[in-house]
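Here the structure is laid out as structure tokens; the discussion comes afterwards.
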Amino acid sequence: MIILADNQKVKLYWVPTAFKLENKTVKTLQVDGQTYRLQAPELTAELVTSIGNACRIARQHSLANMTVAEIVTIIDQAIEKWCHSDYPQRILAEKLLPAITGYDHTTVALEIKRFVRNFRKKELWRFIDTELDNPAILDDFHPQKSGQLTKAIGPTAIFHVFSSNIPGLQIWSLIMGLITKSANLGKTSLSEPLFPVLFSQTLAEVSPELAATIAILPWKGGTHDLEQAAIDSTNATIVYGSDQAVKSIHALVPDDKIFLHYGYKISFAMIGAEALTPEYYPQMVQKMAEDIAVYDQQSCLSPQTVFVEAGGTITPHQFAQLLAKALTNNQLKWPRAKLTTSEAVAVTRLRQESQIQALTDATIQVIASPDSTAWTVVYHQKPALMSSPLNRTIHVMAIDDLAQVPALLRPYQPFLQSCGLAVAPQRLLELGSQLGDAGIDRICAIGDMTRAQSGWHHDGRFNLLDLLKMVDIELGAEALAEHFDPDVE
């Protein structure tokens, strides 16, 4: 078993074992009476290049020669360790991530437990089967219906620029890279640098050879010499983060290299009148409050607006009032993270602007936590899609008919992500098509907005296919080869 912390020193990086890096303490945490000194390496462009090259060489001797089934099995064995509450890396994650990120301990523990289960063997095969009719083409040439032989080849190495808003999210991209048989160089932020390191340690317990193809390094975004070195030593780049981060990295990537990006997005919810009956509305309120509270809306999947249809047992205004009570209860169970000054100012500004509008517009009402910015509900009778400053701030829009929503979305089409939807079966598919036309790429249940399922097409794209190159051997080449077989007449 790998030692996680030596005298309470915790490394925030993972590199092939041949590298012995000079460390410095970048943060000191006091947790449960213990002191943890978080260690990051002193990095240079030359060192990043050397580490990237080492991962690519290790790939040639291990990952490139594994079958996809072997890779899936290794990942599954690593995930299985994380499914046990007494596993040391999970214990350390549950202890330190709340202190690093500010998120509530219960939320972090629960969401990690749920999230890692997306990558068990059966779920990984769902990812793969969703995109490849015959996953064996990741291993070798196989016949296609059109006659040729085809093999899927992934990048030799991928540079991942991870976001820091959601703990654990980094391993989604990392695992997709492993399935494409790519070496992986990940850049983390000091806002959440720990989880991919702990997961890489777990992979090393299961398969040191596979783990040697991975490097996880923290540095400040915008350090162009390090980023250029990482880009130059890989042939694909995947960026998660703000639009500014995406543009900054994109400017460094040559046109002949793969560049995938996942920038700013906005999500919302829609609740039909049929979900607001005495039987259903209490759970709709509670589930909506949970979607808002999980990681304080920092995920692109989190709702910022909820459209509530008139005609139910409770009115949209009553829904807003009940939602405020549910958010009060959630604050007691799962306290929101402490805000930075700028975050607190943003919430306060929205409250004040909305309250000023409400003085002359009776269709607006602000319901807010007293004496704090813990949560905010802004009720509107004039529906529109609106962003929020996050941190448990939600707009509740009254609307006569949910069919009116898609028209409100079209100006924001490039930024749309997920829609939590609660309607009867007779309306689900029609609304789904209309939402898809408007720009939405994921429709899910209320209460599951932050928990995308295996095989989800992130931003409407593929998890694997966008990284793969297809190589075809045509029938003519195959037939010609037969002529040179000395045993063929």
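Working carefully through the options LYS181, LYS151, find the one that is under 30 Å from ILE231 (Cα atoms), of a type in the set (Lys, Arg) and part of a loop (DSSP other than H, G, I, E, B). Spell out how you get there, then give the answer.
On the way: LYS151 fails: part of a loop (DSSP other than H, G, I, E, B).
Testing whether each residue is under 30 Å from ILE231 (Cα atoms), of a type in the set (Lys, Arg) and part of a loop (DSSP other than H, G, I, E, B) leaves just LYS181.
Based on this model, can you work out whether GLN60 counts as loosely packed, with under 15 Cβ neighbours inside 10 Å and more than 23 Å from the chain's Cα centre (by Cα)? Lay out the reasoning, then the answer.
Details: loosely packed, with under 15 Cβ neighbours inside 10 Å: yes; more than 23 Å from the chain's Cα centre (by Cα): yes.
Yes, satisfied.
Given the criterion more than 15 Å from THR202 (Cβ to Cβ) and among the aliphatic types (A, V, I, L, M), identify the matching residue among ILE100, ILE75, ILE91, ILE112. Working first, answer last.
On the way: ILE75 fails: more than 15 Å from THR202 (Cβ to Cβ); ILE91 fails: more than 15 Å from THR202 (Cβ to Cβ); ILE112 fails: more than 15 Å from THR202 (Cβ to Cβ).
Of the residues listed, the single one that is more than 15 Å from THR202 (Cβ to Cβ) and among the aliphatic types (A, V, I, L, M) is ILE100.
Test VAL108 against the criterion of being within 19 Å of SER85 (Cα to Cα), of a type outside the set (Asp, Glu) and in contact with a Leu (Cβ under 6 Å, 6 or more places away or on another chain), and give yes or no. Can you show your working first?
Numbers: within 19 Å of SER85 (Cα to Cα): yes; of a type outside the set (Asp, Glu): yes; in contact with a Leu (Cβ under 6 Å, 6 or more places away or on another chain): yes.
Spelling it out, VAL108 is indeed within 19 Å of SER85 (Cα to Cα), of a type outside the set (Asp, Glu) and in contact with a Leu (Cβ under 6 Å, 6 or more places away or on another chain).
Could you tell me which numbered condition ILE443 fails, if it satisfies all but one of (1) out of contact with any Leu (no Cβ under 6 Å at 6 or more places or on another chain); (2) modelled with pLDDT of 95 or more?
Result: ILE443 fails condition (1) only.
Any idea which of LEU327, LEU359, LEU332 is surrounded by fewer than 15 Cβ atoms within 10 Å (Cβ to Cβ), within 30 Å of THR277 (Cα to Cα) and not small (Gly, Ala, Ser)? Walk me through how you get there before you give the answer.
Numbers: LEU327 fails: surrounded by fewer than 15 Cβ atoms within 10 Å (Cβ to Cβ); LEU359 fails: within 30 Å of THR277 (Cα to Cα).
Of LEU327, LEU359, LEU332, the one residue that is surrounded by fewer than 15 Cβ atoms within 10 Å (Cβ to Cβ), within 30 Å of THR277 (Cα to Cα) and not small (Gly, Ala, Ser) is LEU332.
Could you run through region 204-228 and say how many residues are within 20 Å of the chain's Cα centre (by Cα) and hydrophobic (A, V, I, L, M, F, W, C)?
Total meeting the criteria: 5.
The values are calculated or read from the model by the stated rules, or taken from the named source; none is laboratory data. These figures come from a predicted structure and were not determined experimentally. Counting neighbours? That spans all protein chains shown, and the Cβs are built from the backbone with ideal geometry, glycine included.
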